[in-house]
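For reference, the structure discussed in these notes is given below.
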C-alpha cells in the first residue's frame, strides 16, 4: 500500500487548511448565534453563502468527485480525497461550504454513474454548481430498514407514470429551502422471489403534489439546520416513467454503487472530529489545574489522551487502507474493509469526543465548544449507511466463509 498523495492533492490540503484557519474557524461562533436567532433555519445563512463563494473562487469545490474514466484528469482518488474530508470534518457544517456534504455527494455520484443525459442536465448540473440541494429517501418509520429489503414504500407503474405511496423519515437535507429533488427507494416488484431486485430508485421533485413534510426531526436535541432531517409522506405521488433510475429492480445495485465511497467520506469526516477533539482535550488539560497540578499531569487524563491518539491513528490507517483498495480494485473487492471502517470509526469518534467532554467538565456539554455537536454526529453515523450490527453481521459472514 502506498498512501503517498499526489502533488495536486497535497496542494489542495495546504489550501484547505489555510481556508479553514482564515475563513471557517473564525465564524463558527457567529454561525451558531445566527442559527439560533433566525425564525427560518432552513435557508442557507448569509455566512455560508459568503464562504461558498470564496471556496469556489479558490478552487475548493466538488473535491469529492473521483475520476470517472481513464481520461478524467480532474477527479481525485479516494486516497487523495480522504485527508481533505478529514480536514472538512473538523467543523460539522464545513462540508457544505465546499459542496462536499452528504447526501448531495452521494446523489451527485448516482447521477454521474446512473443518470440519463436529461436527468444530469436537469439535476446534476445545478447540484454541482451548488444552486440546489437534494435528499435520499430510504429509511422508513414503520419498517426495520437496517434490512433494506424491508423497504415498503410502493412504486407502481400506471401508464406513463409511476405512483408512489409510503412513509420515510430521517431524510437528510429535505428541510433545506434549496432542496429540489429526492432520490426515493421503494418497491416496484414486491412479490419477486429475489428480494434484492424488488426495489427501484426514482426521482421525485420535492414540490410534487402528494409529497408532505410531516415534521422536522431532532437527534439528541439537535435540529441539524440548515439541512435538517424530516419525516415525509407520499400520497399518490405521480412522476413520469423517465424518472426511474437505471430501470426497475436496480435499486440495490445503485445503493451499493453510492455507499462504498460515501462511507470513506463519513469516516474521514468523523476522524477529523475526533482529531480536533483530541487537540482540544490536550489544550484544555494544559490550561486547567486541579488538586495542585495541571490536568495533563494526572495519570487518568494522560491515559485518555494516549488512548485517544492510538484510537484515531488506527481508524485513520484502516480507512486509508479501504480508500486505497477501492481505488485499486473497486468497492466490491473492498467491502470487508469498508464494513470494518464503518464499525470502528463512528464508535471510536464517540469515545474520543466523550473523553474530551469529560476533560472540559460541564462546559463540554454546552455549545461553547463543538464537542456536544460532534458527539451527536458520531452517534448518528452509527446508524447512517447501515447500523453497526449489519456491518458486523456481513463482515463476520464474509470472514467465516473466507477461512472456512
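Derivation of every value follows stated rules applied to the coordinates shown; laboratory data play no part. From a predicted model like this one, the values you see are computed outputs, not experimental measurements.
Rounded to the nearest Å, what's the spacing between the alpha carbon centres of the range 297-318 and the range 224-252? Just the number, please.
Using only Cα atoms, the two centres lie 42 Å from each other.
In a Gaussian network model over the chain where Cα atoms closer than 10 Å are linked, find which of 224, 257, 75 has the largest mean-square fluctuation.
Greatest mean-square fluctuation among the candidates belongs to 75.
Can you give me the angle between helix 388-403 and the longest principal axis of the chain, using Cα atoms only, in degrees from 0 to 90, rounded to the nearest 10?
Its long axis makes an angle of about 80 degrees.
Given only helices, namely DSSP H runs of n ≥ 4 each adding -39500 (n - 2.57), what is the per-residue ellipticity at 222 nm of the chain, to the nearest 500 deg cm²/dmol? Please report the intermediate quantities before stating the final value.
Numbers: 12 runs with 186 residues, N = 404.
Computed mean residue ellipticity for the chain: -15000 deg cm²/dmol.
Could you work out how far helix 299-329 tilts from the main Cα principal axis of the chain, as a 0 to 90 degree angle to the nearest 10?
Taking Cα atoms only, the helix is inclined about 40 degrees.
The chain: Rg/Rh from Cα coordinates, Kirkwood Rh? List each step's numbers first, then the result.
On the way: Rg = 21.4 Å, Rh = 22.1 Å.
Rg divided by Rh gives 0.97.
If the viscosity is 1.306 mPa s and the temperature 10 °C, what Stokes-Einstein diffusion coefficient in µm²/s follows for the range 258-329 when Rh is the Kirkwood radius over Cα pairs?
Numbers: Rh = 13.9 Å.
Translational D for this selection: 115 µm²/s.
Between the range 348-400 and the range 104-120, what is the separation of their alpha carbon centroids in Å?
30
What whole number of Å gives the distance from the Cα centroid of the range 1-78 to the Cα centroid of the range 261-287?
Distance between centres, Cα-based: 17 Å.
What angle do you read, to the nearest 10 degrees and between 0 and 90, between the alpha-carbon axis of helix 104-114 and the longest principal axis of the chain?
Value to nearest ten degrees: 40.
Please work out, to two decimal places, the log10 of the ratio I(q)/I(0) at q = 0.12, 0.20 Å⁻¹ from a Debye calculation in which every Cα of the range 252-403 carries one identical scatterer.
Once normalised to I(0) and log-transformed, intensities are -0.55, -1.14.
Per Stokes-Einstein, at 20 °C and 1.002 mPa s, what whole-number D in µm² s⁻¹ belongs to the range 133-248, with the Kirkwood radius over Cα pairs as the hydrodynamic radius? Intermediate results must be reported in sequence, preceding the final value.
On the way: Rh = 14.3 Å.
Rounded, D is 150 µm²/s.
What are the radius of gyration and Dmax of the range 7-128, computed over its Cα atoms and given in Å?
According to the Cα coordinates of the range 7-128, Rg and Dmax are 15.4, 49 Å.
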